[in-house]
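Enquirer: The structure is given below, and queries will be raised subsequently.
The values are calculated or read from the model by the stated rules, or taken from the named source; none is laboratory data. Owing to the predicted nature of the structure, the values given are computational and were not obtained by experimental measurement. Virtual Cβ from ideal backbone geometry, glycine too; neighbours counted across all protein chains shown. Ligands, DNA and RNA are stripped out before the accessible areas are found, and what is left, the full protein with its side chains, is counted by its heavy atoms. Shrake-Rupley method; radii C 1.70, N 1.55, O 1.52, S 1.80 Å.
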Amino acid sequence: MVIRRGRFGLSRRLEVRVHLRGVVLPGDEERDLWVVDGLVTFEPVRGAETLCGAGWIVPGLVDAHCHVGISYGGGDETHDGAIEQAETERDAGALLLRDAGSPIDTRFIDDHAELPRIIRAGRHIARPKRYIRELGIELDDERDLPDIVAEQARFGDGWVKIVGDWIDRSVGDLRPLWSDDILKQAIDAAHANGARVTAHVFGEDALPGLINAGIDCLEHGTGITDDTIELMIAHGTALVPTLINIDTFPGIADSATKFPVYAAHMRDLHRRVRDTVGKAHEAGVPIYAGTDAGGSIRHGRIADEITALSGAGLTPHEALGAASWNARTWLGRPSVEEGAPADFVVYAHDPRTNPQSLTDPQWVVLRGLVVKTPDPVTGHR
């Protein structure tokens, strides 16, 4: 085992032969695995050092909606600040991040083997005064949307993010940003460039147009109804509900004193969100875990989102899968399997029956690099 000191302190590269034993999820089977040159193998390896002899081995967690590069409170994050955000996610066990829109180019993070992999959706695409100021690309003419979506598709990592609805101050409530025909052209343009499309959407009115246009995923989706759930099933649309972000809706409503209809709408969306997600899950809508970290939500809270999903109709096993093996498959990344990169988290207790253990990963291994170890005295980090 090679030990080296980098920006993040001591880290140990599993470049020789290391052995672990534990219950490997999702299969629920206790077994031995080895890491050789950063890759997983289940074939016995002579002379391997045993890193741990018991525990629950979970494929690296996934935060499927976060924002590395947005500073707390909003605005562009610094280079070092973005690295710190990624480091925080990593230490929480989130080793794969789908960045759902960032105002800065974070590709420099790819140069750090100690930091999570990021799947980028480029920048948010919105209309003037219809999203958070200066965060996204603002289009004066909606007819430019297909070209800008195609541009962002070529720039990103297989995803594009558009803003589907936002408050329209002229009417005092949530309203769609785009016409249905333009949405169809834009999503077709993304698909033609090999990218999937997701959309920020809170309310009800924008949903039919987005789904019928072929949107691949909805972020938040608090306004989905029985009818739009049926549409999502028919079109194979996924949902990332970001429940810990939805918990901020009452505060947003309280601050919207000039727009009482909007405020009441946001409170209602918040009140029924657990039932909304539960109905979508029961109907078979694919659901994945995302925190919306960045801006007002602190990074490193994937455990909280898993717990929230467990309170919205998913079983603990399903909720963990939504932030691990199922999310990895959806994003085209392997789990703990033969020949795959060694990206996994080890817990002392079953994280499905002991949710508190989710906040305390014992070992975090990323690209075969031990980036988090238990304290030798307390057993905790």
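Enquirer: Would you mind working out the magnitude of the charge dipole of the chain relative to its Cα centre, with +1 at each Lys and Arg C-beta and -1 at each Asp and Glu C-beta, to the nearest 20 Debye?
Expert: 800
Enquirer: Which angle from 0 to 90°, rounded to the nearest 10, does the C-alpha axis of helix 79-91 make with the longest principal axis of the chain?
Expert: 60
Enquirer: While we're here: In nm, to one decimal, how far is the F42 label point from the F155 one, both placed 7 Å along Cα→Cβ?
Expert: Output for this residue pair reads 4.3 nm.
Enquirer: Further, regarding this structure: Quick one: if you take sqrt(5λ) for each eigenvalue of the C-alpha gyration tensor of segment 238-344, what semi-axes come out, biggest first, whole angstrom?
Expert: 30, 16, 10
Enquirer: What is the percent carbon and sulfur in the accessible area of segment 57-124, measuring with a 1.4 Å probe over the protein chains and ignoring ligands?
Expert: Answer for segment 57-124 is 44 percent, counting heavy atoms of protein chains only.
Enquirer: For segment 274-349, which whole-number percentage of the solvent-accessible area (1.4 Å probe, protein heavy atoms only) is attributable to carbon and sulfur atoms?
Expert: That fraction is 47 percent.
Enquirer: Pick from R17, R107, R196: which is most flexible by mean-square fluctuation in a GNM of the chain where alpha carbon atoms under 10 Å apart are linked?
Expert: R107
Enquirer: Alpha carbon centre of segment 210-230 versus segment 79-95: separation in Å?
Expert: With segment 210-230 and segment 79-95 each reduced to a Cα centre, they are spaced 30 Å.
Enquirer: Next question. Stick to Cα atoms and the Kirkwood definition of Rh, then tell me Rg/Rh for segment 130-179.
Expert: My calculation of the ratio gives 1.00.
Enquirer: Here's another thing I want to ask about it. Write down the accessible area per residue of the chain in Å², having rolled a 1.4 Å probe over the full set of protein chains.
Expert: 40
Enquirer: Using a Cα-Cα cut-off of under 26 Å, which lysines could be cross-linked to K258, ignoring same-chain neighbours fewer than 8 residues away?
Expert: Counting by Cα, and skipping residues close in sequence, K258 has these lysines nearby: K129.
Enquirer: Using a Gaussian network model on the chain with a 10 Å cutoff between Cα atoms, which of L314, L177, L139 fluctuates the most?
Expert: Judging by the Gaussian network model, the answer is L139.
Enquirer: Further, regarding this structure: Among G158, G223, G74, which one moves the most in a GNM of the chain with springs linking Cα atoms closer than 10 Å?
Expert: In the Gaussian network model the winner is G74.
Enquirer: Continuing with the same structure: Cα axis of helix 226-235 to longest principal axis of the chain: angle in degrees, 0 to 90, nearest 10?
Expert: Between helix and principal axis, roughly 60 degrees.
Enquirer: Please give the per residue volume of the convex hull enclosing the alpha carbon atoms of the chain, rounded to a whole number of Å³.
Expert: In the chain, the Cα hull volume divided by residue count equals 133 Å³.
Enquirer: Continuing with the same structure: Rounded to the nearest 0.05, what FRET efficiency do N212 and D147 have when you use their Cβ-Cβ distance and R0 = 25 Å?
Expert: Calculated value: 0.70.
Enquirer: Taking 0.36 nm per residue of sequence separation and subtracting the Cα-Cα distance, how much length would be gained by fully extending the chain between R133 and R267, in nm to one decimal?
Expert: That pair, R133 and R267, stretches by 45.9 nm at full extension.
Enquirer: Which parts of segment 210-224 would a label at D275 reach, counting a residue when its backbone N lies under 20 Å from a point 7 Å out along Cα-to-Cβ?
Expert: Taking a point 7 Å out along Cα→Cβ of D275, the residues of segment 210-224 whose backbone N falls under 20 Å are 220-224.
Enquirer: Charges at C-beta only: +1 for Lys and Arg, -1 for Asp and Glu. How large is the resulting dipole of segment 139-233 about its Cα centre, in Debye rounded to 20?
Expert: Roughly 300 debye for segment 139-233.
Enquirer: Another question, if that's okay. Which log10 I(q)/I(0) values does segment 89-138 give at q = 0.15 Å⁻¹ under the Debye formula, counting every alpha carbon as one identical point scatterer?
Expert: These q points yield log10 I(q)/I(0) values of -0.49.
Enquirer: Another question about this same structure. Counting only C-alpha contacts under 8 Å and six or more residues apart, can you give the relative contact order of segment 199-327 as a whole percent?
Expert: 23 percent.
Enquirer: Give me the one-decimal nm value for the distance between modelled label points at D181 and T329, 7 Å along each residue's Cα-to-Cβ direction.
Expert: For D181 paired with T329, the spin-label model returns 4.0 nm.
Enquirer: Okay, moving on. Please give the length that would be gained between D105 and V171 if that part of the chain were fully extended, namely 0.36 nm times their separation in residues minus their C-alpha to C-alpha distance (nm, one decimal).
Expert: 20.3 nm
Enquirer: How much of the accessible area of segment 127-208, probe 1.4 Å, is carbon plus sulfur, in whole percent?
Expert: Of all accessible area on segment 127-208, carbon and sulfur atoms account for 44 percent.
Enquirer: Relative to the longest principal Cα axis of the chain, at what angle does helix 260-271 sit, 0 to 90 degrees, rounded to 10?
Expert: The two axes meet at around 30 degrees.
Enquirer: Among T198, V160, G22, pick out the residue whose Cα is farthest towards the positive end of the charge dipole of the chain, where Lys and Arg carry +1 and Asp and Glu carry -1 on C-beta, about the Cα centre.
Expert: Ranked along the dipole, the leading option is G22.
Enquirer: If you don't mind, there's one more thing I want to ask. Taking all pairs of distinct Cα atoms, average 1/r, flip it, and tell me the Kirkwood hydrodynamic radius of segment 33-73 in Å to one decimal place.
Expert: Answer for segment 33-73: a Kirkwood hydrodynamic radius of 13.9 Å.
Enquirer: I would also like to ask the following. Considering only Y288, I244, V40, whose Cα is most displaced toward the positive end of the charge dipole of the chain, charges sitting on Cβ of Lys, Arg (+1) and Asp, Glu (-1)?
Expert: V40
Enquirer: Could you tell me the calculated FRET efficiency between R21 and A192, based on Cβ-Cβ distance and R0 = 56 angstrom, to the nearest 0.05?
Expert: 0.75
Enquirer: Under unit Cβ charges (Lys, Arg +1; Asp, Glu -1), what dipole magnitude, rounded to 20 debye, does segment 218-325 have relative to its Cα centre?
Expert: 320
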